[in-house]
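Values quoted throughout were computed directly from the atomic coordinates according to the rules given, and no laboratory measurement underlies them. Model, not experiment: these values are computed from the prediction. Positions of Cβ are backbone-derived with ideal geometry, glycine not excepted, and every protein chain shown enters the neighbour counts.
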Amino acid sequence: MRLQRQVAVLGASILVLSGCGLFGEPEAVPPTRPSTIASTEATPSEVPSVGASAAASPTPAAPDLSRYYSQKVKWSNCGDADCATIVAPLDYSDPDGPTIDLAIARVKATGEKVGSLFVNPGGPGGSAVDYAKAATYIVSDDVRRNFDVVGLDPRGVGASDPVRCMTDLQMDQFGATDGTPDSAAEEQEILDVSRIPGEGCAKKSDPLYAHVGTADAARDLDLARALVGDETLSYLGKSYGTMLGATYAELFPDRVGRMVLDGVLPASLDLVEVTKGQADAFEVAVRDFARDCLQHSDCPLSGSPEAAVTQLQDWFAQLDRDPLPGRGSETRDLNEPLGEYAVLSNLYFPGYDYPRVRSALRKAMGQGDPTEMFSILDNRISRSPDGRYVDNSTEAFYAVTCLDRPYTGTVDDVRGLAEAWKTSAPTFGPALAWGLLPCKDWPATGEQVTRTVAEGSNPILVVSTRKDPATPYEWGVQLADELDNARLVSYDGVGHTAYLEGSSCVDGAVDAYLLKGELPKKDLDCS
């Protein structure tokens, strides 16, 4: 079983970050237990700023968070887990002000518990509560035996107080707007539609939308860590979940237990750098898909891999001129942006995604039937057959991303990037460039996270895949170098993230660290 998460976000063009699917001789870590539960009372925390040492002496005016850290948690059964709601300040600098509710789920260890393992699947916008409930599929049996698997929906996401920014019809409009404009009128349409998320968040979710950045989500993690009775945070973060985990380590280095970051999104990159890295990585991925497709008799592409990719690009251009009308109850037409996004959002997990894309393309390109293309797209954007978006992952994506990484360029800058990226990333690059616009002039500012050194923390295990389309391999190398105390596991594979994705080498290294605190003696290469 693989739990599918939204792995990119609809836009007037495409803006992608990261969401996760289920989805040498070891060296001992110093004897700090990952999640010691000797203390049953939560410890109040000061509010460090990103980049400041959590061990530094608190300022006299530090806010008093004791009432949050001492709250009583009432757990109740919610089917696959025990669930609860915890209360956090909307603004950590004003703990006496408004509060928000955060949803938390705990799947109890199947054996003798040694602590809790917090998990996050990415996004931003992915539900950690849902991810934890799938504990059987996201961690090994040995980890399940020894850890409670805990998911805290980040503020603004899922079952926590959610941000709301767009109607279902607006999200449909947003996704279907041409992301590679050919005229001044199409450019103006992108500009108009790109304002929808920010204006909607400000109208529908004020003041929450201004307080959903990663720094505050990391502070919420520390609150939850204390409320489950753990002295340190043990954590498995994938995709955007790596940025959340690394931010926690920067804010609370002395409270890091055993932390695994798989499929890295570095805080130190701005939005243009992130988007360009993904544009180039998806260009590699679409060529990998073409090579795989050509090995099957039902592939609608032909010739060499390069020729096959050109055929796909030409088909996208044809959809721009002549969209495929929907069939049956489907009221949408499959146009260029929807066709591009259906393919891009299904290049994450080759074993699962590639056959679905191949089948959908065969019917759309060969028979003029877009039904399967809509199906694989809607599966990734949480859109139900009746046109409803079943969660707020798209809205949360923008609310978090545009606080963390506002875009400060101009429309002329975007136009220039779109033209330049045609060279290195011709399939998706131009649309990805235009997808920067929703974060331009975002109507709120947040606390920026621009480095995650985590000075003095316990070791952090970083895992990076060499052909990861959403979080390029180099980003993992970069984070491992940036962190004060880290070890890198490199996976020579294709797809997004590596743990439990088919490599016994990766799985063994991660489990040895989580279960025994054992790291490889040096950076490890896994094939």
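Odds and ends about this structure:
- Sorted ascending by nearby beta carbons within 10 Å, beginning with the fewest, S393, S527, S66 become S527, S66, S393.
- Computed from the Kirkwood radius of its Cα pairs, the Stokes-Einstein diffusion coefficient for region 298-435 at 10 °C and 1.306 mPa s stands at 96 µm²/s.
- Too-long pairs where the Cα-Cα distance tops 25 Å, listed order kept, from K133/K440; K238/K516; K113/K238; K467/K522; K238/K521; K204/K440: K133/K440
- Nearby aspartates and glutamates by direct alpha-carbon distance to K74 (threshold 12 angstrom, same-chain neighbours under 8 apart not counted): D82
- In a fully extended conformation the segment linking S504 and T423 would gain 25.4 nm over its present Cα-Cα distance, using 0.36 nm per residue.
- The distance linking region 483-509 with region 338-375 is 28 Å (Cα centroid to Cα centroid, whole angstrom).
- Spin-label model, S527 to V411: label points 7 Å out along the Cα-to-beta-carbon direction sit 5.3 nm apart.
- Spacing of the modelled spin labels on D206 and D492, each 7 Å from Cα toward Cβ, amounts to 5.6 nm.
- Hydrodynamic radius by Kirkwood, which averages 1/r over all alpha carbon pairs of region 397-527, in angstrom: 17.2
- Shape call, the chain: gyration tensor on alpha carbons, a/c limit 1.5: prolate
- Farthest positive-ward along region 302-439 dipole, Cα basis, beta-carbon charges - from L417, S393, L403: S393
- Three-way shape label, region 171-324, alpha-carbon gyration tensor, a/c 1.5: oblate
- Taking every DSSP beta bridge that has both ends in the chain, the antiparallel portion is near 45%.
- For the pair Y69 and D386 in one chain, pulling the backbone fully straight at 0.36 nm per residue adds 109.9 nm over the alpha carbon distance.
- Taking other residues whose beta carbon is less than 11 angstrom from the beta carbon of V87, and scoring Lys, Arg as +1 and Asp, Glu as -1, yields -1.
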